Amino acid sequence: MRNTSTLYLILLFAFVLHQASLSAQSGSPFVLRLVAQKDPAAGATDPKYGRINNRVVQSINKTKRAHVNFGGSTSESAAAYLLEIAPSYKLGNYSFIYKKHVDSIETVTFAYSTSYTMDATLMVTDISKGSLKSYHTLEAESTGGKSYDLSYKSLGLKKGLRMTDSLQKVVVSKALPQVQGGFLAVQEGVFHDALNQLGDKAEDAPFYLFPVKLPIGSMVDSKKDKVEKVSLPGLAALGLDANKPIVAYEIVERKVGKTIHEQYKILATLSNKSSEKAGEVCKVDNGEKTLFAAMQSGTKIWCSPFVPTVSNRYEEEIPGIALLFIAPKISREEWEKCYIKLRTDFIRARGTYYPLIDRTRLDLMQREKNLQKADAFVDKAAIQQFKSIGAGYLLEVKLNDMLIDYSPVQKAYKFKADFVTRLIHVSTSEVLAEVANTFADDWSVPSTMTITPDEHDLQYRAIAAAPDYKVAIQRFGLENFAFNLREVLNRAIPQKIEVLELLEEKKENAESLLIAGNFNASARHDDFFICRKKTVDVDGEQLVRMEQLGIVSIKSATGDGLAITKVKKGEKEIYKAIKAGDKLFCIDKPEWFIDGQYTRQLKAAGF
């Protein structure tokens with residue numbers, strides 16, 4: 001019976017994959033199933049998360065590129081992919097200030113302003129492979145406000161007013177209670193505007209999740225050494241709006257170890273405003289000469305909507321990583337939220353270099369482990385189960401004790417959680433790295449004079465108003481939780497990031513570098529240490545160590561694994577090393593490798 005079930009699953013996956021292939025070839029949309037998420041109105045879940053999710057799905061379904069099944073109808077098409085959405089938002093500090101007074105009509109004008117930042121990380125899992133296919137993060141920010149006119153009488157003022165700095169503070173404190181009841185409506189308007197921005201960007205998300213790469217056709221119209229129109233077969237099937245830009249580019253391959261990164265050199269931008277041949281003839285908006293020369297030389301030219309992103313090819317199979325989150329002391333809903341955050345934190349730490357094994361393959365097992373293995377890490381037999389679904393590594397996070405406390409003296413709430421992260425090599429059951437962490441958060445009572453509360457002030461008020469403050473503290477503590485995956489990943493499977501080229505120099509100082517390796521595009525917010533490898537003999541054993549030369553920051557990243565950096569420190573030392581022909585690397589923290597403790601991991605990573 002088991003063999004029959006296995007055969008059925010294999011045939012089902014084969015059918016789904018075949019359907020996806022046909023869908024891609026015919027121009028039909030990629031069909032995704034939205035991973036079940038809690039009803040936004042249920043429990044303590046914030047309904048704003050549900051609004052973000054719904055808006056993203058509605059926007060994706062406007063396009064011809066992808067369709068998300070989320071209604072549960074039996075008539076829906078079979079999905080080839082799963083879609084997870086990890087939304088977040090933050091209310092910015094608001095400002096309530098005095099603007100002016102008009103003595104003739106005895107009024108004072110005040111201005112209220114606030115902002116929202118919002119993002120949603122979309123993760124697509126290939127059902128047939130059970131691993132992460134792609135991800136894309138949407139970001140939006142909106143600011144808004146309102147003016148209020150209050151009478152002198154309501155503020156206790158008299159005609160002939162001379163406004164001083166000290167008086168401003170007084171009138172602001174008197175005006176605030178009279179108008180702050182309307183702030184929620186302003187905040188809602190700003191949230192709605194940010195939501196609209198996010199929705200507009202979500203319409204383009206399918207082109208990033210399922211990148212388009214069309215080969216350019218032929219010149220349709222040219223003048224002297226400029227190309228004015230080109231054909232682009234296959235464009236019409238995409239259903240693009242006329243105002244969507246199309247980028248023409250050539251590809252330069254960059255090899256690091258056994259990984260080939262595609263670097264894009266943009267040649268021109270096109271627009272599909274022409275009605276010829278159902279919109280498959282495009283006008284060249286700029287780069288006419290460059291594109292003409294490239295086409296004349298026979299260079300292979302590709303086109304994509306929007307700026308293309310780097311894609312990687314691997315000469316060997318990269319082992320997948322499965323995630324196991326053990327947290328028996330929290331609710332299923334809290335576990336679900338933390339698990340999605342764990343996935344997004346992993347993606348932000350490593351991108352798609354290591355295939356992330358889909359949680360639906362492990363879901364039942366994880367539920368059992370939460371119950372059965374609450375007081376211990378998984379055993380070797382359980383690890384073999386992960387091996388059976390194709391995982392090369394197991395990243396295990398165990399949430400141990402949580403401390404929830406209230407200090408009556410300080411009127412402060414506290415949350416503390418101890419957790420351990422381990423990376424296990426599935427084939428050998430060897431623990432490659434283990435890191436003990438503590439996450440702590442606290443909320444102090446806001447000042448009564450505070451008129452610009454930050455996020456923690458708002459959370460404090462919500463905790464204080466909650467029927468059970470412990471439940472509220474745990475909720476916010478887990479929402480703010482940071483998994484700190486970078487250390488355990490870098491200790492166990494260090495990122496191999498190489499300096500490929502000195503792009504800019506000035507007076508024998510390195511200004512800009514091109515780097516490539518197994519990092520992700522969101523690393524643009526991070527700094528990397530430029531190091532030179534040294535091998536030293538210690539008691540007859542060859543140990544690998546890292547000598548730090550300088551620091552760089554990501555200037556622009558075109559996708560996972562390739563980026564242009566700005567040199568922040570060590571300009572002269574880096575310049576000299578490159579000119580001397582030394583091989584340079586980028587790593588997060590060189591002190592992790594200074595004592596030679598992680599020589600084996602460095603060698604395994606190809607250093």
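Restricting Phe415, Phe476 to residues that are open to solvent by less than 40 Å² (accessible area, probe 1.4 Å) and in a strand (DSSP E or B) narrows the list to Phe415. Could you please give the count of residues in the range 435-450 that are surrounded by 14 or more Cβ atoms within 10 Å (Cβ to Cβ) and more than 25 Å from the chain's Cα centre (by Cα)? Number of matching residues: 5. For beta carbons closer than 9 Å, sequence separation of 6+ or different chains, a first residue in the range 184-203 that is within 14 Å of Gly92 (Cα to Cα) and a second that is part of a helix (DSSP H, G or I), the qualifying pairs are Phe191/Lys48; Phe191/Arg51. You will find that of Tyr354, Tyr339, the residue that is among the hydroxyl-bearing types (Ser, Thr, Tyr), open to solvent by 10 Å² or more (accessible area, probe 1.4 Å) and either within 21 Å of Phe386 (Cβ to Cβ) or at pLDDT below 90 (or both) is Tyr354 and no other. For Tyr460, the conditions (1) within 30 Å of Ala175 (Cα to Cα); (2) at pLDDT 85 or above; (3) of a type in the set (Ser, Thr, Tyr); (4) open to solvent by 30 Å² or more (accessible area, probe 1.4 Å) are fulfilled apart from (4). Any idea which residue in the range 149-182 is farthest from Ala111 (Cα to Cα), counting only those that are without any contact (Cβ under 8 Å) to a residue 24 or more places away in the chain and over 50 Å from the mean Cα position of the chain (by Cα)? Only one residue tops the list, namely Lys158. Scanning the range 137-169 for residues that are over 30 Å from Thr117 (Cα atoms), open to solvent by 40 Å² or more (accessible area, probe 1.4 Å) and in a strand (DSSP E or B) turns up just one, Ser151.
Say whether the condition of being within 30 Å of Leu342 (Cβ to Cβ) and at pLDDT 85 or above is met by at least one residue in the range 40-48. There is at least one residue in the range 40-48 that is within 30 Å of Leu342 (Cβ to Cβ) and at pLDDT 85 or above. Scanning the range 227-249 for residues that are in a strand (DSSP E or B) and closer than 14 Å to Thr269 by Cβ turns up Val227, Glu228, Lys229, Val230, Pro245, Ile246, Val247, Ala248, Tyr249. Within the range 395-412, if we keep just the residues that are charged (D, E, K, R) and closer than 15 Å to Phe481 by Cβ, the residue that is least open to solvent (accessible area, probe 1.4 Å) turns out to be Lys398. Restricted to the range 283-308, and to residues there that are in contact with a helix residue (DSSP H, G or I) (Cβ under 7 Å, 6 or more places away or on another chain) and touching a residue at least 60 places away in the same chain (Cβ under 8 Å), the residue that is farthest from Leu395 (Cα to Cα) is Ile301.
The values are calculated or read from the model by the stated rules, or taken from the named source; none is laboratory data. Computed from a prediction, not measured in an experiment: that's the story for all the values here. Cβ coordinates were reconstructed from backbone atoms using ideal geometry, including for glycine residues, and neighbour counts include every protein chain displayed. Surface areas here come from the heavy atoms of the whole protein model, side chains and all, with no ligands, DNA or RNA. Shrake-Rupley method; radii C 1.70, N 1.55, O 1.52, S 1.80 Å.
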